[in-house]
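Have a look at the structure below before the remarks.
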Amino acid sequence: MTRRRRPWTFEADEGGWVVAVAPPERAVLLDVVDEVIELLGGAESVEQQGERAARHPLDAIELDPLPIAPPVDPALRRLLPDASGDPAVAAEFRRLTEADLRTAKATNLTRLRAALAGARTEVVVVPSEAPSIAAALTDVRLVISERLGVRTDEDAEDVYRLASEATSGEPSPRHLLAAVYAVLTQLQESLVGLMLGALPRRSSPRRGGAD
């Protein structure tokens, strides 16, 4: 008898953490993940970076010779924010780190994509991949929250209300995007909760003198 799982919630299972995702829902998530990968510059740069690293570790390091302007797209700027309120410091930090940060985020997203694409009825995340998958879910959620204009807790509540309405009548594109946001939130929070629960517990300090 197949175990009935809670929707959009990762649960512990043998060998990792598992969530049931139907094919139509998985296709929607794959499309969204692909859009964020493209926003970051595409998966090709990830492959090229890996090839350079395989030849020699130092070959993977690229520093832009000129300052890099902050992203124009506000969603991309959520993923690649300024590191300082000082424009000169922020520009220099962006010059030194943005290429690597884009690659790291795109790599996480390709791992999430592989987990989704390789699934049939369930997505399985092994513990070693969980931090990358959780980070990717967070980044996709950030992009969608920017597209929906989420700035406050009240904005988020409005989005969840829209998500609950997405199954009734003829939902608008905003309703559907809100539903994806709600799903990503549930996936991310449940996976992080399992990761935290798997951390070794610190033993309480022993009272009294030394043995």
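Students often check this: by mean Cβ neighbours within 10 Å, which of 168-175, 183-190 ranks highest, and how do the rest follow?
183-190, 168-175
Express in whole angstrom the spacing between the alpha-carbon centres of the range 106-160 and the range 1-41.
9 Å
Output wanted: per-residue J couplings in Hz (rounded whole) for the range 175-183, from phi through Karplus 6.51 cos²θ - 1.76 cosθ + 1.60, θ = phi - 60°, x for Gly and Pro.
4, 5, 5, 5, 5, 5, 4, 5, 5
If you add up the charges near Gly193, with Lys and Arg at +1 and Asp and Glu at -1, over every other residue whose beta carbon is less than 14 angstrom from its beta carbon, what do you get?
Computed value for this residue: -1.
Under a crude label model (7 Å from the Cα following the beta-carbon direction), how far is Ala156 from Ala22 in nanometres?
2.8 nm
Positive end of the charge dipole of the range 14-197 (Lys, Arg +1 and Asp, Glu -1 on Cβ, about the Cα centre): tell me which of Ala91, Leu142, Val28 has its Cα farthest that way.
The residue sitting farthest along the positive end of the dipole is Val28.
All of the numbers you see were taken from the coordinates with simple rules; none came from a lab. Values in this document were obtained by computation on a predicted structure and should not be read as measured data. Every residue, glycine as well, gets a Cβ built from its backbone with ideal geometry; the counts of neighbours run over all protein chains shown.
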